[in-house]
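Following: one structure in structure tokens, then a few remarks.
Nothing in this text is a laboratory measurement; each read-out follows from the coordinates by a stated rule. Note that the coordinates shown come from a computational prediction; the quantities given were computed from them, not determined experimentally. Cβ: placed from backbone, ideal geometry, glycine included. Neighbour counts: every protein chain shown.
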Amino acid sequence: MLGIIISYFDMIEGSKTLLTYPDNLALTENQFHQINKLLDVIFEKSFFIHRFDFSNTANYYTEIPSKWARGGHESILISILISFTENPENWKEPLEELIAHIEQTPDIYKAFYYFTSSSDPKVAKKFQELKDLIKNFYESIPETITIQRIVKLFIFGLDRAGKTSLTKRVSENIYEQTSPTLWLNVHNFQFQNFQFVCFDVGGQQQFRSFWTNYLHNSEALIFVVDGSTPERFPEAKIELWKILQSSHNGLPLLVLNNKADLAGHVKNEKIIAALALNNLNRSWHIVATSAKSGQGINEAFNWVAEQLKRR
Ligand code: G3D
Ligand code: MG
């Protein structure tokens, strides 16, 4: 599971998000909106599955009796974001149970007035009760239905370093001839309990100034170097440090010394010196990888996963 969203119907504003768990779901406003909109098309208490291009969702629509709503009830939608590899049907029973808990909570309808009357202590209390229910639900889900977190990774490096090949290798476990990335490739894959979204930004000269746009919201940086072209290390160093200066210090940096399968490939120590990695003031790690053979990739993403677990 990637997260939970509760949508409800506000008399004035229409369908909107009441709360999410965890708080920091990595969705765009538009994606939230698309989920909220499901409320406008379902009119019967029911479980249903909806596939968006950004995620699968398992949903439950229900109506909670309400003394405050004009129609005598609050319309609510509980949506579980799940990865494409999970079976959404698994969520039917857990969701029914959650709905039953919500319905059994006295006066829970008041929680849905949180944004209009948050100064009312009864409303704030009910909102907190609902939040706690959702939190408990999320935390009690057995590992088999897997709890996941969406994490954005920013993959950068000079052109031809192997960024596209590496992200393809990790996300689809394939290696194939690539064509130069013109603008941006987005790759999704699961690793342990994380759903990674990798932005592989074009490394060619004319695109470099756009890199910084994708830094926003990324939780780790991955710098790819072609370890078989030492003549380009000085250029790589400049680009690396440019990005480091515009990203905040807390982001861990993983350096991939790629193309380890090639004869002229240098040792990690050479890269550390050439990129001045010892001057870094953040947590970092270097791994020799090959998108071609798959070497080093598990080690690399394990390290990222470990870093993220600590945050
Ligand atoms: P980029 O996205 O960083 O620009 P690409 O780089 O993934 O497009 O890769 C550039 C070239 O390097 C490609 O060659 C690709 O096949 C090759 N490459 C990437 N990773 C490796 C690797 O680990 N080992 C070897 N031997 N080659 C790799 P072509 O010839 O298709 O342009
Ligand atoms: Mg590319």
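Could you tell me which of 302, 268, 291 has its Cα farthest along the dipole of the stretch 211-311 towards the positive end, charges placed at Cβ (Lys, Arg +1; Asp, Glu -1), taken about the Cα centre?
Value: 302.
Of 47, 2, 18, which is farthest on the positive side of the dipole of the stretch 1-47, counting Cα position, with +1 on Lys and Arg Cβ, -1 on Asp and Glu Cβ, and the Cα centre as origin?
47
With Cβ to Cβ distances under 10 Å as the rule, what net charge do the other residues near residue 154 carry (K, R +1; D, E -1)?
-1
Going by average Cβ density within 10 Å per residue, which order do the peptides 72-83, 89-100 take, highest to lowest?
By packing density, highest mean first, the sequence is 72-83, 89-100.
Please rank 156, 127, fewest neighbouring Cβ atoms within 10 Å first, as an exposure proxy.
127, 156
Around residue 98, what is the net charge, scoring Lys/Arg as +1 and Asp/Glu as -1 over all other residues with Cβ under 14 Å from its Cβ?
Summing Lys and Arg as +1 and Asp and Glu as -1 gives -3.
Of all beta bridges DSSP finds with both residues in the chain, what is the antiparallel percent, to the nearest 5?
The antiparallel proportion sits near 60 percent.
From the cross-link list 152/292; 37/92; 67/135; 110/131, which pairs have alpha carbons spaced over 18 Å apart?
Cα-Cα > 18 Å for 152/292; 37/92; 67/135; rest within.
With angles folded into 0 to 90 degrees, how steeply does helix 233-246 sit against the dominant principal axis of the chain? Use alpha carbons for both and round to 10.
Here the helix axis deviates by roughly 30 degrees.
With bins 10 Å wide starting at 0, give me the P(r) of the chain over every alpha carbon pair, in whole percents.
Calculated P(r), rounded to whole percents: 6, 25, 27, 18, 15, 8, 2, 0.
Based only on other Cβ atoms within 10 Å, what is the fewest-to-most ordering of 251, 256?
251, 256
Modelled label-to-label distance, residue 128 and residue 116, 7 Å Cα→beta-carbon offset: nm?
Using points 7 Å along Cα→Cβ, the separation is 2.3 nm.
Going by how many other Cβ atoms sit within 10 Å of their own, how do 229, 105 line up, fewest first?
The most exposed by this proxy come first: 105, 229.
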